[in-house]
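What follows is a single structure, written as structure tokens, with notes after it.
The values are calculated or read from the model by the stated rules, or taken from the named source; none is laboratory data. Note that the structure is a prediction, hence the values are computed from the model and not measured. When we count neighbours, we look across all protein chains shown, and the Cβ atoms used for this are built from the backbone with ideal geometry, even at glycine.
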Amino acid sequence: MTQLVLFYVAGAFALGGAVGVVGTRNIVHAALFLLVALLGVAGVYLLLFADFLALVQVLLYGGAIVIVVLFALMLTRLQDFSGTMENKQWPIAALAAAGLFLVVSVAIARGRGAAFTERTGPTMKQLGENLFTFWAIPFEVASVLLLVALIGAIVIARSGEGER
Amino acid sequence: MITLVHVQILSAALFSIGLYGVLARRSAVLILLAIELMLNAVNVNLIGIAAFTDPNKYLGQIIAIFVITVAAAEVGLALAIILRLYRNKGTTNVDQLNLMKW
């Protein structure tokens, strides 16, 4: 019972932060709302017996991705965004998002989800063994992906010689 | 008690809010933040299914690790592109970034 209350609290953080990301007028506030939302999601992971994922979520998202976005906002003038924040098509977007949520919730409610109530989760040892033996090749591919993304970001974002 | 339905409804709600953010915002950085919300919604769904229905395999958690990795790489690259665009065009308003439009 207390776990359900904790789930609702973490879900409230996640959804409240999400609404803040899509609704606020200030870009820096949106990045900070994203941090709140991702910490709420990390709380949900802890309730789902995914302690390593909760750690990775806080570390990577909170400690790297949001920080990088904030750096990019603060060190350039990206945060001075002139004009309104919303498109002209935001009512249709709201309708589409609400329609999607309705359809997916009906599908979820009609599914077999309510029958599952027992949660299990791996120990970090089991997860590590699984990740480095059975999933070793995707793991290495992910490392190469990160390397390529890093090199690509450096190449794209630096000023070339012809631009000075 | 918590059932799978709770977790999946949370995931659907986060995804829909992220979808609204992607479709209705004008600044490229805000669209990027909404994409991160959608990726997190997918992760919540994967981990929820792994916790409730997958003893001893934890497939959902491992896929979620890879999703987080790809999301991190994507944010780095996307910010580099946004910075470059801002340098070249002077704006991050996606309504004005229409070079590839017909």
All-but-one check, A:Arg77 against (1) modelled with pLDDT of 90 or more; (2) over 24 Å from the mean Cα position of the chain (by Cα), failing number (1)
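Looking only at segment A:48-67, how many residues end up being of a type in the set (Gly, Ala, Ser) and more than 7 Å from chain B (Cβ to nearest Cβ)?
Taking segment A:48-67 and keeping what is of a type in the set (Gly, Ala, Ser), we get A:50, A:54, A:62-64.
Keeping just the survivors that are more than 7 Å from chain B (Cβ to nearest Cβ) gives A:54, A:62-63.
Matching residues across segment A:48-67 total 3.
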Among the residues in segment A:93-102, are any modelled with pLDDT under 80, touching a Leu at 6+ places or on another chain (Cβ under 8 Å) and not in a loop (DSSP other than H, G, I, E, B)? no
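Taking segment A:83-116, which residues are touching a strand residue (DSSP E or B) at 6+ places or on another chain (Cβ under 8 Å) and either free of Cβ contacts under 8 Å to residues at least 12 places away in the same chain or assigned by TED's automatic domain parsing to the domain that holds A:His29 (or both)? Before the answer, list the steps.
Pass one, segment A:83-116, residues touching a strand residue (DSSP E or B) at 6+ places or on another chain (Cβ under 8 Å): A:83, A:85-87.
Listed by number, the residues that qualify are A:Gly83, A:Glu86, A:Asn87.
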Has segment B:31-44 got at least one residue that is over 18 Å from A:Ala10 (Cβ atoms) and within 7 Å of another protein chain (Cβ to nearest Cβ)? yes
Can you tell me how many residues within segment A:44-79 are closer than 23 Å to B:Thr3 by Cα and either touching a helix residue (DSSP H, G or I) at 6+ places or on another chain (Cβ under 6 Å) or of a type in the set (Lys, Arg) (or both)? 11
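Just to be sure, is A:Leu70 more than 9 Å from every other protein chain (Cβ to nearest Cβ), of a type outside the set (Gly, Ala, Ser) and either in a helix (DSSP H, G or I) or free of Cβ contacts under 8 Å to residues at least 40 places away in the same chain (or both)? Break it down into steps so the answer makes sense when it comes.
Values: more than 9 Å from every other protein chain (Cβ to nearest Cβ): yes; of a type outside the set (Gly, Ala, Ser): yes; either in a helix (DSSP H, G or I) or free of Cβ contacts under 8 Å to residues at least 40 places away in the same chain (or both): yes.
Yes.
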